[in-house]
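Visitor: Right, I'll just put the structure down here and ask away after.
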Amino acid sequence: MGLSISCDSRYARARPSTYTTGAAADSGRATCHGAVALFGVLGGVDGKGGTASTGAWPNWYAAVIELVGGTLVLLGLGTRIAAFISSGAMAYAYFKVHQPQALWPIENSGEGAAMYCWAMFLLIFTGSGAFGLDRLLAKRTSAQEQRSARTPVTA
């Protein structure tokens, strides 16, 4: 019984930093996908430095969402909104691009879109984790509000 309680409390203490680590890993990869399509880095979309055509539906827009959304989630800034938009973009990619080819992600090469969709969906509810800028800014704002609430008003 004591061991179970001890492990549970350790897991609970590690949860915020684990969320941050997972969010950083997923959003870093999403950011790279966006950079590949927009800037042709890491071989580009064709392996030769090619980019998505500007304004081309849906590739260019997906790349912008991956780059901006991934960067925001990586920084932990506006995490829930960025994750919501990114998750929706990946769901669209899966159902419109991959799923018509076959039912299962392993058959239609949609594993990446499905995994990013669910990873970002989880971040909608968990937030940025322990080290996100959202959390740091919220702490700073609440500390300033507490100081101003304690300061007496002079007439």
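Visitor: Could you list, in sequence order, the residues of the stretch 73-102 that are surrounded by fewer than 24 Cβ atoms within 10 Å (Cβ to Cβ), among the hydrophobic types (A, V, I, L, M, F, W, C) and closer than 16 Å to residue 131 by Cβ?
Guide: 74, 75, 77
Visitor: Could you pull out the residue among 25, 12 that is without any contact (Cβ under 8 Å) to a residue 24 or more places away in the chain, closer than 20 Å to residue 115 by Cβ and loosely packed, with under 14 Cβ neighbours inside 10 Å?
Guide: Just one listed residue meets the conditions, 25.
Visitor: Is at least one residue of the stretch 45-57 part of a helix (DSSP H, G or I) and surrounded by fewer than 16 Cβ atoms within 10 Å (Cβ to Cβ)?
Guide: No; the residues of the stretch 45-57 include none that is part of a helix (DSSP H, G or I) and surrounded by fewer than 16 Cβ atoms within 10 Å (Cβ to Cβ).
Visitor: While we're looking at this one, here's another question. Taking residue 47 as the residue in question, decide whether it is out of contact with any helix residue (DSSP H, G or I) (no Cβ under 8 Å at 6 or more places or on another chain) and closer than 19 Å to residue 109 by Cα.
Guide: yes
Bear in mind that the values in this text are calculations on the coordinates, not laboratory data. Predicted model, so just to flag it, every value in this text is computed and none were measured. When we count neighbours, we look across all protein chains shown, and the Cβ atoms used for this are built from the backbone with ideal geometry, even at glycine.
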